[in-house]
Every structure is written in C-alpha cells, then in structure tokens.
Amino acid sequence: MIHRFASLTLIVALVCTVGGTSAFAATPTNTDTTANGVVTLPASPTSAKKELPSNEKLRSGLARLVADTKAGKGKLSEPPQFQPPKGNNFSKNQKIALGVGIAAVVVLVIVVIHAKNHLFDDFNLSNSR
C-alpha cells in the first residue's frame, strides 16, 4: 500500500512539474508573422520615451562623477556594513548537539523498527537443533 501511494505521489509530482506551464510566461498581444514563421513584436513607443530620459540622466550623472573624480573632489563610497541576520538564537555548540541528537533519534528509530520486525525470526518451539 505504501509503495502504491509513494509511486502515485511521484507520478503526480512529475506531471505537475513537467507538464505545467510557466505562470510567468509572457504572452504576446500583437504579433506579426513572416514567411519563415518567426514572430516579431513591435517595440512599444512608451518604452522608447522611458529610455531616453533615463539614458540622459545616467550620462549626465556619469559625466559629473568623472569630472569630480578628476578634480579630486569625488571619493569612493565605502561598502555597506551588513549586520548578519539573527539566527534562531542557538549557539554553535547547541546547534551541533541538536544535530547529533536528531541523528541519534533517527538511528534509534531504525534499530527499534528492525528489532520489532525481526524479533522472532529464529524462534523455534521444538527442542531439536
């Protein structure tokens, strides 16, 4: 029963991952097809308007930075000092002890299940050996 459930779960997982479509796939709204079957999308006019001011802004900012650097006024920014994220408030020794404890419990469970399943394997009521 467990094998059937595991195989059914595996099959469902494979079908969902391989057979599914991407949720982030972009669907083209306006397409032009040519004779060789290549799909081309026209560039939207709003994207060209957005690129020009940002490019000019970037160029002016870089020109100002280069001029300040040549004049000796510019200084390099220091790398930000990141605070390490707080963990789960366990010390290194506590984390090691927790890992060893979990491993010991897993091994103990395996030994107990094996002993329970094979306790009376060699049990024989007859007196002959």
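Where a number appears in this text, it was derived from the coordinates with a stated rule and is not lab data. Nothing here was measured: the structure is a model prediction, and the numbers come from that model. Positions of Cβ are backbone-derived with ideal geometry, glycine not excepted, and every protein chain shown enters the neighbour counts.
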Practice prompt. Work out from phi, with θ = phi - 60° and the Karplus expression 6.51 cos²θ - 1.76 cosθ + 1.60, the ³J(HN,Hα) of each residue of the range 9-14, listed in order in whole Hz, and give x for Gly and Pro.
Written response: 5, 5, 5, 5, 5, 5
Practice prompt. Arrange the peptides 55-63, 1-9 so that the one whose residues have, on average, the most other Cβ atoms within 10 Å appears first.
Written response: 55-63, 1-9
